[in-house]
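Just below is one structure, and these are the notes that go with it.
The values are calculated or read from the model by the stated rules, or taken from the named source; none is laboratory data. Source: prediction; values computed, not measured. Positions of Cβ are backbone-derived with ideal geometry, glycine not excepted, and every protein chain shown enters the neighbour counts. Each accessible area value is taken on the protein alone, full model and side chains, heavy atoms only, with ligands, DNA and RNA left out. Shrake-Rupley method; radii C 1.70, N 1.55, O 1.52, S 1.80 Å.
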Amino acid sequence: SWQKLRGVTVQNMPEYGIFIEGNHNVVDGCTITGNRLSGVICYTSGSGPWTAASFNTIMNCTVYANSDVGLTGGNYDNGGNADGIAPSRGQNNAVIYNLVYGNSDDGIDSWISWGTKIQYNIVRNNGLGIGNGNGIKAGGNSQGKDAIVDHNLVYSNLSVGIDYNTGINTTMIS
């Protein structure tokens, strides 16, 4: 918790590029690429409300070409588990001013988080293998709620540009 990672490149990791389980962390101005699972993930086990993986900010990053295409077993799913940025759990995380492209699953996937803010990102060309290929997935599993998707540019993704994916009380602002 309370860590700042600025201006570094994280690439070619065998699983996640950056795994955030703590609170109040900032990832700023980083390049995250070529990792075998999600480029950046906020995650903690258990069901909500969560006390970990909350109040984190991922900003001004370039996140691309994270892919598990061709890999199966364990966390791998032939393209289906490598999002660009995945604030997948926790509360009140923010994903702002990022360029996210060419990831095998979704560009940004807030899955079952609460109160995630996804703002001012460019999200394009995501979806390879059996990856969903959504630009932005704002909630899911009937547990994600209160996501705010605000002023993003989303285009040329394999499937849907922006999907609320069973998220509850999702707000989309253009």
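For the reader, a short list of remarks on this structure follows.
- Solvent exposure of segment 18-174 as accessible area per residue, Å², 1.4 Å probe: 38 Å²
- Rh by Kirkwood over Cα pairs, then Stokes-Einstein D for segment 27-113 at 1.306 mPa s and 10 °C, µm²/s: 124 µm²/s
- Across segment 98-141, Cα-Cα pairs more than 11 Å apart make up 63 percent of the total.
- Only one item in (i) 53; (ii) 67; (iii) 64 matches percent of Cα pairs over 18 Å apart derived from the coordinates shown, and that item is (i).
- Stretchable slack from E21 to T171, in nm (0.36 nm times residue separation minus alpha-carbon distance): 51.5 nm
- Accessible heavy-atom area order of V95, V8, highest first, probe of 1.4 Å: V8, V95
- Taking the 1.4 Å solvent-accessible surface of segment 1-54 as the whole, the part contributed by carbon and sulfur is 48%.
- In this simple spin-label approximation, D28 and T9 carry label points 7 Å from Cα along the Cα→Cβ vector, and these lie 2.2 nm apart.
- Residue-span extension gain [T51 to I130] - 0.36 nm each, minus C-alpha spacing: 25.2 nm
- Accessible area of segment 89-167 belonging to carbon and sulfur atoms, whole % at 1.4 Å probe: 51 percent
- Protection proxy ranking, peptides 52-59, 101-108, 145-152, average beta carbon neighbours within 10 Å, highest first: 101-108, 52-59, 145-152
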